[in-house]
Amino acid sequence: MKIVIVGGGTAGWLTAAMIVKTNAILKKQGLQPVYDITVIESSNVPIIGAGEGSTGLFQETIVSRFKDLGITELDFINETGATLKMGIRLKDWNGIGTEFLSPIQPSDTFKYNIDLNFLSCLSNGNVSDASFCGYLLGRDLSSYNFDRIKTTGHHSYHFDAHKVGKYLKSICIKHGVKNIDGEITSLNRNSLNGNLESVTLKETTEVITSDFWIDCSGFARVLVKPMGAGWVSYSNQLPVNGAIPFIEKYETTDKVKLETLAWAQPNGWMWRIPTEERYGSGYVFSDMFTTADKAVDELEKNIGKKIEPIKHLKFETGRLEKFWIKNVIGMGLAGSFLEPLEATSIHTTIIQLDTFCHHFLYNDIETISVDTIRNKYNTHIGQLVDEFRDLIQLHYMTNREDTDFWKFCKYSLQKTDSVKYVLEVSKHMSLSYLDFDSSHGSAGWGVWSWTLAGLGHLTKETADKTLKNFCMYDDSKKAYEQIIKNSKIKAIPLMSSDEFMKTLWNKKLGKR
Amino acid sequence: MKIVIVGGGTAGWITAAMIYKYRTDIDVTVVESSKLPIIGAGEGSADSLTWFINEPWPNDVVTEIDFLKKTKATPKLAIDLKNWKGDGSSLYSPISPSSTASLPIDKLFLASIIKYGKSDKASFNSWILDDNLSTFDKKYKKISQQIANHAYHFDGNAIGQYFKDVCIKFGVTIIDAEIEDTIFDENENLKDVKLTNGETIQSDLWIDSTGFNRILMSKTKNKWISFKNQLPVNSAIPFSTDVNSNNIIFKTLAETMNSGWLWQIPLQNRYGCGYVYCDEFQTYDDSLKELKNKLRQDIEPIKHIKFDCGRYESTWYKNIVSIGLSSHFLEPLQATSIHIAIFTATNLILHSLKSKECISNDANVRGFNRRINVVIDDYKDLLQMHYLAGRQDTPFWKFIKNEIHISDANRDIIEISKHRLLNNLDVSTEHGTGGWGVWSHIFDNAGLFDKDMIKKELYRLKKLNDGDAQLKSMSSYYTNKLKLELLSAGEMFKYLKL
């Protein structure tokens, strides 16, 4: 079966790699590979390279799923200039001077009706210590031992998206993925069933045919748009619509921190992501309240240095109404775009591919291309992206009222049903996993919990009350001490963040 | 926080016991009338009751053996679905699924279909049942849950009494009276309840466990959603027959009849039986006649029950929560009644009622109702799927074949099964729903696994797929080890009666 992927950005090559993996398994078993994969990309079109951070799922993908392709974690880190990501540090969101952490990993007890570890830490100390990953994040520790072999595994990555694309491309090419350089000028659809049969390329006028198509062409949406995909806009629910990315150099005194800094600004927020050679940074804002030029001034004033924006990105947050139309699936930014907060883009791509493979299970296209199956896929992915939208909206429900932007978020932004629900219920009790979507890939209580506590929607008083009603209040003190004690012991053999990254980089220099 | 439970049946006393087990901040009163009989529906359970009983209790007020002895119970390893296809064939719906049920490809399950023509051999429960064994471990002198889990069969009248005795040990307040009047405030919250003993009582939250009477909930504006067009039966004739230890098997028999199906549940002192049928196709008298002919013995019906399958739009409405038959009723198949009662009580006690303010918190109540409704509706679909297995020889079964309103979820599943193998992401993963482990066998019963499709897939994955080898090692593990460690059903039966 032939699959053509359009677009050679992160999503495109990740998609190719995931399908290559299926082939690799079959080949290992002495069977015929099922998929014939081609990636069409244009060297004239720059990639967006959104997502310089990701979630734990990406780490799992690199480490376990891509093992068959000969990828190891340290290799990946070395080749892509990646750093580990233990979580996000959210600064100034609930008022200037406030700060909270959102670790990659939830508390160990997040699947219970009463999340004892979480509540114990909220009640007795720092809530982020409820997760070992959060414990490390709060103390600038990495998840690697001094021998750089053993890891506790609780982390994700920060990376240079261009390098990740290139790296995955090299792996894919090694495994027989075909690569065509060209731009698509027209689509040729079957007049009877509406399927996409082939595309014509610019200049060479070459015609490429395929059984199935995956559109990873970013905002251009070269396939899904002409296929008639509708768009569900989130612009009423998410306040930002523009971004200015820029590069920040490391100062010689900088210690590497394994965290994404998400720093609230007068009209949005700024990200700062550490990679090997530089920080990838940017300001995400709303053009209803500021302009790109003014945004630069605001930011320079706040961070105390000059910046040089690489470009000015304008975007509309939202998703495709249907991700899978006929024999085409919209993936990556072509399928949905929220905003960089919580780094959901690559996560969604992986879940989309998981679900896609689940529906196919090595069957051929014709048997599977029925509306019932497509509808199920579209409903599932639609709900998933909607849930991430809700999670992101929650971040804007803060105490800040110092600018028109934050006042707007607090009083005028259209709250989604989930956010309304979560805010209302949190007034009186701590939520649990039961309150959230449990479908494959959704964030759930484990992720929501950090922001709810961080922004003060879930208070220490509420935690105390819950613990008391369930006669766990006294136990919670002991539980807290035990958690800290266990984490302390577990952390003894671990390298500090700065030490781990710099040892790795120095070793690389030595090799060169 | 004060809670008054109205109704001292199975659901009421289980809820009261659960509050005592997990909470000290709630003050519970149970209002029941010694003059009213309980329905005692449900002589079978799902494994949620096994969890509730086996998770340690303060001072060991409940233990499994104690429970079994006092409620005349036996363990339940599976439901034996007989003649649903109309060809006389049987299939177990086991309490424990296959050990590969959580994988994307349930290898053992598929291999079992190919090798044995049916999926149930993927579960140890079926092997144990086929040899008339129990799961009682000779060496450790207790019922093992490791390899094959169980649920229970019990006397529907005794289980309520059992948990009542537990609550009395905890010091519960019991009022013996009926409800005379209910007074609601301007926000539709239940304020006062006048009792026949002259007392008037108040509560922060009320639990309606009054069975089909729905004494509190029926006074509200809460709507009833009927499943009448999706579930075909509406009547039941319960009766008993004699039991003896020589031919006891720890399973619920669910065998189709001309206009419905027959249950037969082994208890320590009798078989609890019943004919569930649809009175639009067959009269009460004809149903009795059919029963007598089938069992070749005289039948003495205990009562004649009529029911309307459905649920309330909101299980929790204002300051009233319905638990048990007062909230919903499907039908006896798969013993969902006590399972959903336990699930509802767990959700309330362990999750949605963390403080008094939660009662008036609309969002909290909405979230609770959404979770409960997902579970009830999932079971409604599951039960409907039983009827779609193919029997079509009588007017009742012809009606199902040709005219019944198939639910959207089931229609989608049936359609998908024509194009690819179903797997665990096709069923709801929400907490409390049946999940793949239960659904998969019902799909198999309904003939949704095409053998050629399985063969094609297993061939493609042949070296990846060691389902057949796993099935072989399962068989040899069973024959050479497990089988020798277990008491026979008859031996265990005698042990329980001691």
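The table that follows gives values for the structure above.
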{"read-out": "Value of Rg/Rh across chain A [Cα atoms, Kirkwood radius]", "value": "0.97"}
{"read-out": "Length-normalised contact order of segment A:275-404 in % [C-alpha pairs under 8 Å, at least 6 apart]", "value": "22"}
{"read-out": "Local net charge near residue B:53, Cβ-Cβ under 11 Å (Lys/Arg +1, Asp/Glu -1)", "value": "-3"}
{"read-out": "Accessible area (Å², 1.4 Å probe, nearest 10) - residue A:175", "value": "80"}
{"read-out": "Relative contact order for chain A, counting Cα pairs under 8 Å that sit 6 or more residues apart, in percent", "value": "21"}
{"read-out": "Shape call, segment A:98-145: gyration tensor on alpha carbons, a/c limit 1.5", "value": "oblate"}
{"read-out": "Low-density loop cleavage sites - trypsin sites (Lys or Arg not before Pro) in segment A:282-337, where at most 14 other Cβ are within 10 Å (DSSP)", "value": "A:305, A:306, A:311"}
{"read-out": "Chain B, accessible surface, carbon-and-sulfur percent (1.4 angstrom probe)", "value": "48"}
{"read-out": "Per-residue [θ]222 nm for the protein assembly as shown (sum of -39500 (n - 2.57) over DSSP H runs n ≥ 4, rounded to 500)", "value": "-11000 deg cm²/dmol"}
{"read-out": "Alpha carbon Rg of segment B:390-464, scaled by the compact-globule rule 2.2 N^0.38 Å", "value": "1.30"}
{"read-out": "For segment A:161-261: rounded, prolate or oblate by the Cα gyration tensor [a/c cutoff 1.5]", "value": "oblate"}
{"read-out": "Isotropically averaged projected area of segment B:170-279, using the convex hull of Cα atoms (one quarter of hull area), nm²", "value": "11.8"}
{"read-out": "Relative contact order of segment A:94-252, defined on C-alpha pairs under 8 angstrom at six or more residues apart (%)", "value": "10"}
{"read-out": "Cubic angstrom per residue, convex hull over Cα atoms of the protein assembly as shown", "value": "188"}
{"read-out": "Radius 10 Å from Cβ of residue A:98, net charge of other residues (Lys, Arg +1; Asp, Glu -1)", "value": "0"}
{"read-out": "Segment A:355-497 - Rg (one decimal) and Dmax (whole number), Cα, Å", "value": "20.8, 61"}
{"read-out": "Threshold 40 Å², segment A:399-428 residues less accessible with all protein chains present than alone (1.4 Å probe)", "value": "A:421, A:428"}
{"read-out": "Low-density loop positions, GluC sites (Glu not before Pro), segment B:393-498 - DSSP coil, at most 12 other Cβ in 10 Å", "value": "B:403"}
{"read-out": "C-alpha center-to-center spacing [segment B:271-341, segment B:165-233] in angstrom", "value": "21"}
{"read-out": "Average accessible area per residue (Å²) across segment B:244-324 - probe 1.4 Å, nucleic acids and ligands excluded", "value": "41"}
{"read-out": "Prolate/oblate/rounded call for segment B:1-75, Cα gyration tensor, a/c under 1.5 rounded", "value": "oblate"}
{"read-out": "Contact surface A-B: accessible area buried, both sides summed, square angstrom, 1.4 angstrom probe", "value": "3600"}
{"read-out": "Rg/Rh for segment B:271-310, where both radii come from Cα atoms and Rh is the Kirkwood radius", "value": "0.97"}
{"read-out": "Segment B:73-117 - convex hull of alpha carbons, volume per residue in Å³", "value": "99"}
{"read-out": "Environment charge at residue A:155 (Cβ cut-off 11 Å; Lys +1, Arg +1, Asp -1, Glu -1)", "value": "-2"}
{"read-out": "Top positive-direction residue, dipole computed over chain B with Cβ charges, set B:34, B:200, B:470", "value": "B:470"}
{"read-out": "Taking the convex hull of Cα positions in segment B:48-146, its mean projected area over all directions (nm²)", "value": "8.6"}
{"read-out": "Centroid-to-centroid separation of segment B:394-438 and segment A:242-313 [C-alpha atoms, Å]", "value": "52"}
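The values are calculated or read from the model by the stated rules, or taken from the named source; none is laboratory data. These numbers come from a predicted model, not from an experiment. Note that each Cβ is placed from the backbone with ideal geometry, even for glycine, and that neighbours are counted across all protein chains shown. For accessibility, only protein heavy atoms count, side chains too; no ligands or nucleic acids. Shrake-Rupley method; radii C 1.70, N 1.55, O 1.52, S 1.80 Å.
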